[in-house]
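Notes for the one structure printed next.
The values are calculated or read from the model by the stated rules, or taken from the named source; none is laboratory data. Keep in mind that what you see is a predicted model, and the values were worked out from it rather than measured. Note that we place each Cβ from the backbone using ideal geometry, even for glycine, and neighbour counts take in every protein chain shown. Side chains included, ligands, DNA and RNA excluded: accessible areas come from the protein's heavy atoms. Shrake-Rupley method; radii C 1.70, N 1.55, O 1.52, S 1.80 Å.
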Amino acid sequence: MALAKITSVSGRAVHVPGADIDTDRIIPARFMKCVTFDGLGEFAFYDVRKNEDGSDKQHPLNEPRFKGASILLADSNFGCGSSREHAPQALYRFGFRAVIAQSFAEIFFGNCTTLGIPCVIASEADIKALSDAVNADPTLEVTVDVANDQVRYGDKSFKASSATTAKEALITGHWDPIGELLEAKDDVASKMKALGWAA
Amino acid sequence: MGKTLFAKVWDSHAVRTLSNGQTQFLIDTHLVHEVTSPQAFGMLRDLGLKVAYPNRTFATVDHIVPTDSQVAPFADPLAEEMIQALNKNAQEFGITYFSLATGKQGIVHVVGPEQGITQPGTTIACGDSHTATHGAFGAIAFGIGTTQVRDVLATQTMALNPMKVRRINVNGKLRPGVYAKDVTLHIIRLLGANGGIGHAYEYGGNVFDEMTMEERMTVCNMAIEGGARCGYINPDDTTFAYLKGRPYSPTGEAWDKAVAQWRTFASDADCVYDDVVNIKAEDIPPTVTWGVSPDQAIAVTENVPSPDDAKNDVQRASINEALAYMKLPAGKPIKGTKVDVAFIGSCTNGRLSDFREVAKFIKGKKVNPSVKAIAVPGSQIVDVLARQEGLDKVFTEAGFEWRGAGCSMCLAMNPDKLIGDQLCASSSNRNFKGRQGSPTGRTVLMSPVMVAAAAINGSIADAREVFSI
Ligand code: SF4
């Protein structure tokens, strides 16, 4: 299946601070009562963005100056907890096309890659510096250069890399593996047989 | 040099290397539930694909089913829609479906083992992070996202990266009042909520050898809360005895052959691990969480941490954040914290042995009138077996509500929810902010017996004192 090659993502960035931000926080379970992912965007980070009466709380994603940001800056162990793909789906539909963090939980990382959302890992100091820069100037253009393991903004740049397999998948347009997986039908059938599972 | 169970299973299930370097990995058993599957079936339809191996795909409903009245149609139209979607998908794609009507419905991680579907040396995937539970049988079991659910439905394989294996030894003798739940919470406390990233956890040592299968499931269930992708225990006679005679277990000659083969999957004595952690059983206390991540745990006799104890700014910020959310005073005992709700259930601790153990202690005692206490069997079969033993009566006489099978208050996608900032003593596995349905609701994780002690006391208590253990 021919997919877009995702070699770099550019846009404005916003920092959602905090370690161990779990997928329950990214999309609370009650919004998972759905049979399609459409419309999940408006519920991203709902409980930290909204009061119980639906009015806005103070949160970076509510600030008009960060509206339209497409790069999410996070801290460590981002996306831990539940395996729900609703989390990256909600972020994607909210408008995010890349995430930069110190570390990612594995299932979340894999889910993002399969949706074509690069997740790159950078140091705490570099994330802090970028966060300071976008807080000072939210219109700053930030580039996540997946192919070259780099994030650039203004006249600065820092190293930000992804697991080799994820990087390879994104830049070659193989981030959704279904096409390739389907090709091995016969190999799978003989392996299933060898393992004792009748077809 | 010998191999670990993980390596043996990996080698026997790797189909080929994909162009990005990942491994195309064969999944023997695919478990499906109503929340993470409808979109995957939708994608299948869009691509004009079928389920490749419907006979290796098993579905049930657990997350959204109400536990008070399970009569269709459900009061919640969205829940009804999701159930209808699964009914339709199971029928259209020809997969085995343990629906409410079969008497075999339940939490997917309770149903798989109960039916004998979960077997040693096999690979299991499910669109649910607690799939690691099945590792108790020496299976390699992964929680996956919805697009991967699609991949497994369509191809019986998924793209996967290899991982390291960390052996966690617990040796010695657990002290009275210390349960499998405490062991798993203690491990997470020591190694951190992200300590297991990139790893499979192999649990070993005499403590796990001596555990029942249900206890082993409690331990493996929470591997993911420690950041590990999966967790497992080598199969042994306890494993085989549990599986014997289950509906999907082999029978007759095939059984003997299977057991002989299952034995070979266990890690070899001379295998090498990427990392080894040793824990003394005597050091494990009855453990409770105090914060909003499962590694924010302490002994029930300890004080809640204070930001002054923090080693650095990041830690200080996370302690402050957790204390503010949990509304707990820094540096004060956790014992005595008022409890509003008590929940015994979930795929961590909703099995027959959990209810039996609690029943031993609550007989003749009464839940504090200020506490709403619910007991929720993990499956319809657990419910029936518990009733046969009269356990439901013991619970209701003590003041618990005895409910129908489901995930219930573990994640509150059903009507069982906390209200406002209620504090729940819970036998489940996650204490994340808002996890139990109210954006300000508070969760304190602990063993089922500790939940019962909290319910009776009206506040967090040391079960050893309340029940003279
Ligand atoms: S009981 Fe809780 S953790 Fe287990 S499957 Fe249900 S929602 Fe997930």
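Regarding the stretch B:371-389, can at least one residue be identified that is open to solvent by less than 70 Å² (accessible area, probe 1.4 Å), more than 16 Å from the ligand (Cβ to nearest atom) and under 18 Å from B:CYS424 (Cα atoms)? There is at least one residue in the stretch B:371-389 that is open to solvent by less than 70 Å² (accessible area, probe 1.4 Å), more than 16 Å from the ligand (Cβ to nearest atom) and under 18 Å from B:CYS424 (Cα atoms).
One residue stands out among those in the stretch B:423-442 that are closer than 20 Å to B:ASN457 by Cβ and of a type in the set (A, V, I, L, M, F, W, C): the one that is farthest from the ligand (Cβ to nearest atom), which is B:LEU423. Taking the condition free of Cβ contacts under 8 Å to residues at least 12 places away in the same chain, more than 16 Å from the ligand (Cβ to nearest atom) and surrounded by 14 or more Cβ atoms within 10 Å (Cβ to Cβ), does A:LYS67 pass? No, not satisfied. Can you find a residue in the stretch B:99-111 that is away from every other protein chain (no Cβ under 14 Å), in contact with a Ser or Thr (Cβ under 9 Å, 6 or more places away or on another chain), assigned to a loop (DSSP other than H, G, I, E, B) and buried (at least 22 other Cβ atoms within 10 Å of the Cβ)? Checked the stretch B:99-111: at least one residue is away from every other protein chain (no Cβ under 14 Å), in contact with a Ser or Thr (Cβ under 9 Å, 6 or more places away or on another chain), assigned to a loop (DSSP other than H, G, I, E, B) and buried (at least 22 other Cβ atoms within 10 Å of the Cβ). Looking at the structure I just gave you, is B:PRO73 open to solvent by 30 Å² or more (accessible area, probe 1.4 Å) and either away from chain A (no Cβ under 11 Å) or touching a residue at least 40 places away in the same chain (Cβ under 8 Å) (or both)? Criteria met by B:PRO73.
Taking the criterion of being within 16 Å of the ligand (Cβ to nearest atom) and within 14 Å of another protein chain (Cβ to nearest Cβ), the residues of the stretch B:318-347 that qualify are B:SER346, B:CYS347.
Residues of the stretch A:14-27 that are in a loop (DSSP other than H, G, I, E, B) and touching a Lys or Arg at 6+ places or on another chain (Cβ under 9 Å): A:GLY18, A:ILE27.
Quick check: anything in the stretch A:45-52 within 10 Å of chain B (Cβ to nearest Cβ), of a type in the set (S, T, N, Q) and out of contact with any Pro (no Cβ under 6 Å at 6 or more places or on another chain)? Yes: the stretch A:45-52 contains one or more residues that are within 10 Å of chain B (Cβ to nearest Cβ), of a type in the set (S, T, N, Q) and out of contact with any Pro (no Cβ under 6 Å at 6 or more places or on another chain).
In summary, helices (runs of 4 or more DSSP H) completely within the stretch A:60-136 and bearing 2 or more residues that are over 29 Å from A:CYS34 (Cα atoms) occur at A:124-136. Selection of the stretch A:151-172 for residues being within 14 Å of another protein chain (Cβ to nearest Cβ) and buried (at least 19 other Cβ atoms within 10 Å of the Cβ) yields A:SER162, A:ALA163, A:THR165, A:ALA166, A:LYS167, A:ALA169, A:LEU170, A:ILE171. Strands (runs of 3 or more DSSP E) fully within the stretch B:120-196 that include at least 2 residues being surrounded by fewer than 24 Cβ atoms within 10 Å (Cβ to Cβ): B:164-171. Working only within the stretch B:8-61, note down all residues that are part of a helix (DSSP H, G or I), modelled with pLDDT of 95 or more and more than 11 Å from chain A (Cβ to nearest Cβ). Correct list: B:LYS8, B:TRP10, B:ASP11.
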